[in-house]
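For reference, the structure is listed below as structure tokens.
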Amino acid sequence: MTENRWAPLLLYAGVGLSLLVPELLTNIPDSCSNGVLIYLGFKGMLAGNEFFERFTLLLTRPGALPMHRCPCRCRSCCCSC
């Protein structure tokens with residue numbers, strides 16, 4: 001599990017370091033830096049985005065959908081509490 005903690009830290013540190021020392025960017029190919037920035041953009045855009053989560057529910061088969069919970073937390077699903 002340590003890889004999950006260190007990998008994002010090193011990734012963000014590398015991006016931050018390139019902002020502080022722009023001469024380091026000349027040694028990195030453009031495709032690599034663009035790929036990292038695109039990955040960070042998609043990760044930030046899709047993680048926790050309610051619209052995207054609801055859109056994926058449209059593509060999910062009915063048997064795999066999460067259970068619907070009544071907002072008033074009653075035992076019946078009639079919602080006439």
Calculate the spin-label point distance for Arg61 paired with Met45, positioning each point 7 Å from the Cα along the beta-carbon direction, and give it in nanometres. 3.0
Within a 10 angstrom radius of the beta carbon, how do Ser18, Ser31 rank from fewest other beta carbons to most? Ser31, Ser18
Karplus-derived 3J(HN,Hα), 6.51/-1.76/1.60, for each residue of segment 43-55, Hz, glycine and proline x: 5, x, 6, 9, 6, x, 7, 5, 4, 5, 5, 5, 5
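Where a number appears in this text, it was derived from the coordinates with a stated rule and is not lab data. In this text the structure is predicted, and so the values were computed from the model without any measurement. All Cβ positions, glycine included, derive from the backbone under ideal geometry; neighbour counts span all protein chains shown.
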